[in-house]
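Worksheet: the structure to be examined is printed underneath.
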Amino acid sequence: MSRTTGEHDTRHPGLNLAETDTFAHAEAEETVFGFWVFLMSDVVLFALLIAVYATTVPMTDGGPGPRDILKLGPAAFETGLLLLSSLSFGMASLALKYGEPRRRLVGWLALTLVLGLAFLGLELKDFADWAAQGAPPQRSGFLSALFVLLSTHGLHVAIGCLWIAVMIAQVFRFATNAAVKLRIMRLALFWHMLDVVWIGLFSVIYLVGLSA
């Protein structure tokens, strides 16, 4: 849908790109569609890893099982951090869309980065605690699948954190031109996808694992 008001064609894929560049909207449609395809392929990867994990839960080889190492409280806290980071990124997107001061956009992005790094720190602590309890990834099929699944998600979060840091630098360097807006919008899709995936992981690993 498009509509014209005065000097500006206000078509946009969410961040008013056309007000920066007449051709930005059409270019963004193709780019964002390609990024959606990438995200869907990433979701398929996580679905496969979850399926592998679900089949290996009984394969403890006499070692620790889900009830022995998983703790709901810390995992719930990590979930809260990611959900808050999704909220802060949403606020950053709104700040960008409505042309709020640059410091507000950078502030929301920085808060998202801090929350993401805090999540990673707690997840690394979980890994260290499990290894200290005699549950390293090589101990059994269950532990191997668990570490691979959580590490893959953690790697994505780490990439997202690096991407946020790069975008903060670009906002300072280039302000909020069409290219920067489009990059932040793709980053937002990536970040929110990680939160959705984590909700799935939390449900399968912790809620189901501890209730089985």
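The values are calculated or read from the model by the stated rules, or taken from the named source; none is laboratory data. Since the model is a prediction, treat every value here as computed from it, not as a measurement. Cβ placement follows ideal geometry from the backbone for every residue including glycine, while neighbour counts extend to all protein chains displayed. All accessible areas refer to the heavy atoms of the entire protein, side chains included, with ligands and DNA or RNA removed. Shrake-Rupley method; radii C 1.70, N 1.55, O 1.52, S 1.80 Å.
Between ALA158 and VAL37, the contour length at 0.36 nm per residue exceeds the Cα-Cα span by 41.5 nm.
The stretch 72-102 and the stretch 124-154 have their alpha-carbon centroids 27 Å apart. What lysines could a cross-link reach from LYS181, if we take a straight Cα to Cα line under 20 Å and drop same-chain neighbours fewer than 8 places away? Filter leaves LYS97. Give the shape of the stretch 29-115 as rounded, prolate or oblate, defined through the alpha-carbon gyration tensor: a ≥ b ≥ c are the square roots of its eigenvalues, a/c under 1.5 means rounded, and otherwise the shape is prolate if a/b is larger than b/c and oblate if not. In terms of gyration-tensor shape, oblate.
Seen against the Cα atoms of the chain and their longest principal axis, helix 72-97 is set at about 10 degrees.
Here the accessible area of the chain is 67 percent carbon and sulfur, with a 1.4 angstrom probe and all protein chains present. Over the stretch 92-209, Cα pairs under 8 Å with separation of 6+ residues give a relative contact order of 28 percent.
A Förster radius of 25 Å, combined with the Cβ-Cβ distance separating GLN138 from PHE77, puts the computed FRET efficiency at roughly 0.35. If you work out semi-axes √(5λ) of the Cα gyration tensor in Å from the coordinates, which of [x] 40, 18, 13; [y] 28, 20, 14; [z] 34, 22, 15 do you get? The value computed from this structure is option [x]. Across the chain, the relative contact order, built from alpha-carbon pairs under 8 Å that are at least six residues apart, equals 29 percent.
Per residue, the average separation of C-alpha pairs within less than 8 Å and at least 6 apart gives the stretch 61-159 a relative contact order of 32 percent. For the chain, the longest principal axis of the C-alpha atoms and the axis of helix 178-201 are separated by about 20°.
The mean accessible area for residues of the chain, using a 1.4 Å probe and ignoring ligands and nucleic acids, is 51 Å² per residue.
Hey, what angle do you get for helix 24-56 against the long axis of the chain, alpha-carbon based, 0 to 90 degrees rounded to 10? Tilt relative to the chain: about 10 degrees. For THR55 and PHE174, the difference between the fully extended length at 0.36 nm per residue and the C-alpha to C-alpha distance is 38.0 nm.
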